[in-house]
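Notes to accompany the following structure.
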Amino acid sequence: MKSAKNGRDGRTRIIEGALRRFSQDGVSATTLASLREESGVSVGSFYHHFASKEHVFGVLYSEILQMYQDAFVGELIRHDDARSGIEAIVALHMAWCGEHPERARILVSERPPRREEPGGPEVTELRRTFFRQVSDWWRPHMKDGLLRPVHATMCYVLWLGPAQEMCRLWFTGAHQPTEEEIRGLGEAAWNSLRMP
């Protein structure tokens, strides 16, 4: 039982260390040695849990993505009204990024793993499930003539593109968004996505 606990602790320490290093330095600038040093695990312990730096990133990215998507869908389904749902998601996005800045930096700044890369199949499946859930909420509002029929990519850009850019400014220390600005981002998203 003790070895299983130590195994979980080693994996957890590697993931937590990777979160710190990747969010501060980026994935490409983070070395395997710096990951091991940050997590305080031996070479053998690292390779017991992960095959490579890319493997760590794939696991971490998919865990962060699931955490974000769970929060997104949980908030979205609380809203029956189209406008309140659109605006609430923008507010949730900004709040989530503020509460989880290291994770948000990775989602905002790093390219997701491709299908053939470590973590890629998990990310692909998470996205498939997520887009289906968002579509299930969106479709009735679209049929009622409240929301525009837009492709998923365009929907994302119009809904959260400006909020993502605000987060980038926030993370670099260039601008601290105000509550009024966050409300303005929600209104802008609604105006972009509602039927004229």
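The values are calculated or read from the model by the stated rules, or taken from the named source; none is laboratory data. Please read all numbers here as calculations on a predicted model, not as lab measurements. Glycine also receives a Cβ, built like all others from the backbone with ideal geometry; neighbour counts cover every protein chain displayed.
A few points about this structure:
- When the range 21-46 is filtered for residues that are surrounded by 18 or more Cβ atoms within 10 Å (Cβ to Cβ) and of a type in the set (V, I, T), the ones remaining, listed by number, are V27, T30, V41.
- Filter pass, L146 being touching a His at 6+ places or on another chain (Cβ under 9 Å) and surrounded by 15 or more Cβ atoms within 10 Å (Cβ to Cβ): no
- For the range 107-143, the set of residues classified as surrounded by 16 or more Cβ atoms within 10 Å (Cβ to Cβ) and in a loop (DSSP other than H, G, I, E, B) consists of E110, P112, P113, E117, P118, G119, listed by residue number.
- R21 out of contact with any strand residue (DSSP E or B) (no Cβ under 6 Å at 6 or more places or on another chain), within 22 Å of E110 (Cβ to Cβ) and modelled with pLDDT of 95 or more: yes
- Of the criteria (1) outside any helix (DSSP H, G or I); (2) touching a Lys or Arg at 6+ places or on another chain (Cβ under 8 Å), which one R78 fails: (2)
- All of L92, L35 fail the test of being within 20 Å of the chain's Cα centre (by Cα) and touching a residue at least 12 places away in the same chain (Cβ under 8 Å), apart from L92.
- Filter pass, V150 being part of a helix (DSSP H, G or I) and assigned by TED's automatic domain parsing to the domain that holds G85: no
- Condition broken by R105, with the remaining ones in (1) out of contact with any Ser or Thr (no Cβ under 8 Å at 6 or more places or on another chain); (2) in the same structural domain as P121 (by TED's automatic domain parsing) satisfied: (1)
- Of residues in the range 49-89 being in contact (Cβ under 8 Å) with a residue 60 or more places away in the chain and polar (S, T, N, Q), the one farthest from P112 (Cα to Cα): S52
- Selection within the range 47-61 - part of a loop (DSSP other than H, G, I, E, B) and surrounded by 15 or more Cβ atoms within 10 Å (Cβ to Cβ): F50
- Count - residues of the range 98-148 that are farther than 16 Å from G85 by Cβ and not acidic (D, E): 26
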